[in-house]
Structure formats: structure tokens, C-alpha cells
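These notes concern the structure reproduced below.
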Amino acid sequence: MTSSAAPRTAGASPALTLPGAATLLALMNYTAPLATLPDTAAGLRAGPIAQIWVMSSIGLGLAAALITAGSLADGHGRRRMFTGGAVLLAVSSAVCAAAPDATIFIAGRIVQGAASAALIAAGLGIIGAAFPPGPRLSHATGVWGAMLGLGIALGPIAAAGMGELAGWRLWYWVTVAASLALAVPAARLLPESRAARRHRLDLPGVLTMSLGGAALLAAITWGRTGWTHPATLGLLAASVVLLAAFVAVEARSREPMLDLALFRRPGFLLSVVGSLLTGLGIIGVMSYLPTVLGVVLGMDALDAALLLAIWSGLSFVVAIQARRLPARFQAGRLLAAGLALSAVGEAAMLGLGPGAGWWRLVPGLVVAGVGSGLGNSMLARLAVESVPPDRAGLGSGAGNTARYIGAALGVALVGAIVTGTGNAHASPADAFAHGANVAMLVSAALTALGAVFAFVVREPARAAQALTPAPR
């Protein structure tokens, strides 16, 4: 099968279950170090700077590869890209599991990020090719979006449990086995699909986007040790030059990897900007929350992960149920509602301090979880429906690139606020709690800004937007 439309009548079950399982695994692996960082750092003899890279390196691989992986999947075969990503994830996970030091582990995590990019971008592209526009596609993208929340919920819990059972390396060996368990049925059961007209490989676009995205994420990571560090400034300058070159290359190319005219589509703009602000205002602060719970409330990693699972678990449940919403509700309006609920939930968690009960966070986690589930479902739908049918992989890659760049910026922002706004004369726990509350307030404001943007942008009729070629 060579067209994007042909698989829509066959292979529907594997075309949903395998991409869903891959996204679940990728997000579990993404969040796993949140619960095992002290043991991982001790096992790798990683100092403070190396620990930042242990946490952030997978995001570098994701941001560098997502758009490229989505574009290549559309042009050269989504099943091929998906299967290759699963194999690469197995190999890189084995490197992480056996790593003797932090340098090799970090290199393995970067490759894990690139492999996860192939699974995420190609997987959502497979779903977009396998299901016809309408209720079935809405249901399928809702399931895919639900896996984001479930992966965030289960990753720290699974990693912490395995760490207590047999050490932090066990998680990575389990990831090897799970990746191979995806690759084998994917090669046998998934229908192959690609764009009806194969696009020429946009090598200048691939190189400038990949290197520019990698430089930006590396700069953000280095920035957490000091924004005036020469390495940080050099990487920021390189990212600006490379990403500007990417825009110039794509604007002049006859067959661009990313057609810049897509940004004229309200749905595509909502997908990218909504994903960026989701990463910046939601994922950033929630990724830092287990650290806050440990310092301020004295919770251990497993207990903190279980508390955070209220948010991420509800995100999973709501995203699964989002398909039941009436078709007359536009995805952009529902995205605005999801972001608004997330902002309200974050605001409800303000006031955390030493001696406060963990239970006071529960109402905010519940409301924010409902909002995140609704938002994830709508972002997945917009990523597929806002691009031509044969470019679903690209839509997924662009939206998820924005999400992980936003998440990296969000973690850096929250970390800077938490450590830089406390009272020097207060106890460490009080100072940390004050910084965490300021960070939560800033995150709520950013998320609310995203809700306003999603509400203001007018989304055209879904069918017309999905089927009409992008204006040039």
C-alpha cells in the first residue's frame, strides 16, 4: 500500500493499539528518571551538572528528531519508520542499562529521544492514515492522547518500583524487551502507508531543523547552570542561526519538509502553539512537582509519583472519554476549555508549605488532570486534522516538537524560579516552598494565556480544513 487512503479500510486494530502502546512506552521512559535520579546519579557517579543532563538529554533527542521523523515517515513509509524507531529504542535502552558512566548513559538517552520521536510521529501518522475523518478518527486520536497521560502516570511509579526491587538499571532492560515486543508485530501487522506523492528528501531542511533544535535544547539545559555561561550563549546563538536558516530554506524550497503555509491554518497554529504552552505551563511545573514534594513535605519518590498519578491518571481517563463529546464542539474550543481547567487546577495548588498535608493538593490535581486529558486529546486531533491527509506524520512531529521544547523551557523556568525567589533568611524548606508557589502561579498564568489564545483563534470547519491543500 502506497497511499495514505488505502489503509483506512484495513488493519484498524493494530494501527491503533501499536502506536498507542509505543506512545505509552515512550512517555513512561521519558518520565522514569524523575523517580530514580538519586540512585541513577550514584550508580553513574554523576555530579550536579551531569544530573541535569541525565534528566534532560532525552528531550534533546526528541526535539531534534520529531519533525524530521514525521516528514520522513510520510515520504518513505510510516511502518518502516515506526519499526526502525522501536529497534533503535531497544538498542539505546540496552546502552543505558549497561552504561558504566554518565557520559555513555546521556548519549544513550539522546538516542532514546530520537527513537521515541520516530515512534511518536510515525505512530500518530499511522493512525491518521488508518482511520477516516470523523468520529472514528476522533476516537483514535483520543486514545493516542490518553497514552500521554497514562505514560506520565506510570513511568515514575514503574521505575521507582523496579528500582526498589532490583536497582535503577532494571527499567532500561525492561524497555529493551518492550521495544522488541513492539517491533516484531509492527513489522508483521501494520499496513504500510505513505504520502500519495513521495516528496524529495529535503536534506538542508533536515540538517538545519535537527541541529537547530538540538542546539536550542542543549542551550536550555546548560542554562540551568548559568545563562551567561559561554557554552550556553554559544549554543543559543547557534540555535538562532540554524533555525533562521531552516525557515529560509523551507520558504525557498519547492518541496519543503515543513510547508510554512501550514501556519496560515488556524488548526495547525493551534496545534503548535497549544503544544508549546502545554509544555511550558503544564508539563514543566508537573515534572518539577515530585522534587517539591520531596523537599517541602519530605515525601519519598514512590509516594510523590503516586500523588502525581492523580493528575496524570485522570488525564488518561478524560482523554479516553473525550470522544463522547458532541461533534458540534470544535477542537479549538475544547482545547481552550482544557487549558483553562489546567490553569484553575494549578492555581488551586497554591499555598503549599512545610507542615501542609499532601491532601490539600488533591483538588487542584483533579481539576488539572481533567484539563490535561481534554487538552491532550484535542491537540492530537488537531495535529492530524489540520494537515493534508498524507502529511499526518508531519503534523504529529511539529506539534510534539513544540510540546517538548516547551517542556524543556518550562522545567528550566520553574527551576530558576524555585531556586531564585526564596527568602535567604528562611529555612530551606520554606524558601523552596515559596519559590514553588511563585512557579505554580507563573505556570497557571502561562496556561491561562494558552486558553485565551485557543479561544480567540477561529478554527474553520474540520472537514474543509483537513482536505484542502495548504495555501501557498
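The values are calculated or read from the model by the stated rules, or taken from the named source; none is laboratory data. This is a predicted model, so every value here is computed, not measured. When we count neighbours, we look across all protein chains shown, and the Cβ atoms used for this are built from the backbone with ideal geometry, even at glycine. These area figures cover heavy atoms from the full protein model, side chains too; ligands, DNA and RNA do not enter into them. Shrake-Rupley method; radii C 1.70, N 1.55, O 1.52, S 1.80 Å.
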Problem - Mean projected area (nm²) of the alpha-carbon convex hull when the chain is viewed from all directions - result: 20.0 nm²
Exercise for the section: Over segment 304-419, average the accessible area per residue using a 1.4 Å probe and give it in Å², no decimals. Expected result: 30 Å²
Completion exercise
Subtracting the Cα-Cα distance of ALA98 and ALA166 from 0.36 nm times their residue separation yields 23.1 nm
Completion exercise
Sequence order, segment 220-234: Karplus ³J(HN,Hα) from phi using 6.51 cos²θ - 1.76 cosθ + 1.60, θ = phi - 60°, Hz rounded, Gly and Pro as x, gives 4, 5, 4, x, 5, 9, x, 6, 9, 4, x, 5, 5, 5, x
Practice task
Can you tell me the relative contact order of the chain? Whole percent, Cα pairs under 8 Å, sequence separation 6 or more.
Solution key: 24 percent
Problem - Radius of gyration and maximum dimension Dmax of segment 219-328, Cα, Å - result: 20.1, 57
Handout entry: segment 201-265 - convex hull of the alpha-carbon atoms, volume per residue in Å³
Key = 82 Å³
Exercise for the section: Express the relative contact order of segment 283-425 as a whole percentage, based on alpha carbon pairs under 8 Å and six or more residues apart in sequence. Expected result: 33 percent
Handout entry: Distant-in-sequence amide H partners of MET299 (H built 1.01 Å from N, under 5 Å)
Key = GLY294
Exercise for the section: Report the label-to-label distance for GLU255 and LEU441 in nanometres (one decimal), using points 7 Å from each Cα along the Cα→Cβ vector. Expected result: 5.4 nm
Exercise for the section: Report, to the nearest whole %, how much of the accessible area of the chain belongs to carbon and sulfur atoms, 1.4 Å probe, protein only. Expected result: 71 percent
Handout entry: Spatial extent of segment 306-401: Rg and Dmax, with the Cα atoms as the point set, Å
Key = 15.6, 55
Practice task
Count neighbours as other Cβ atoms within 10 Å of each site's Cβ, and list the trypsin sites (Lys or Arg not before Pro) in segment 325-418 that are DSSP loop with at most 11 such neighbours.
Solution key: ARG328
Problem - Stretchable slack from VAL362 to VAL452, in nm (0.36 nm times residue separation minus alpha-carbon distance) - result: 29.9 nm
Completion exercise
Using eta = 0.890 mPa s and T = 25 °C, Stokes-Einstein with Kirkwood Rh from Cα pairs puts D for segment 102-207, in µm² s⁻¹, at 146 µm²/s
Exercise for the section: Give me the accessible area of HIS139, 1.4 Å probe, in Å² rounded to the nearest 10. Expected result: 60 Å²
Fill in the blank from the handout: Taking Cα atoms only, helix 331-348 is inclined relative to the longest principal axis of the chain by an angle, in degrees rounded to 10, of 0 degrees
Completion exercise
Expressed as a whole-number percentage, the relative contact order of segment 86-202 with C-alpha contacts under 8 angstrom and at least six residues apart is 38 percent
Exercise for the section: Any chance you could run the full-extension gain for VAL184 through VAL247? It's 0.36 nm times the residue separation minus the Cα-Cα distance, nm to one decimal. Expected result: 18.9 nm
Practice task
On a C-alpha basis, how far is the centre of segment 129-157 from the centre of segment 240-295 in Å? Whole number, if you could?
Solution key: 20 Å
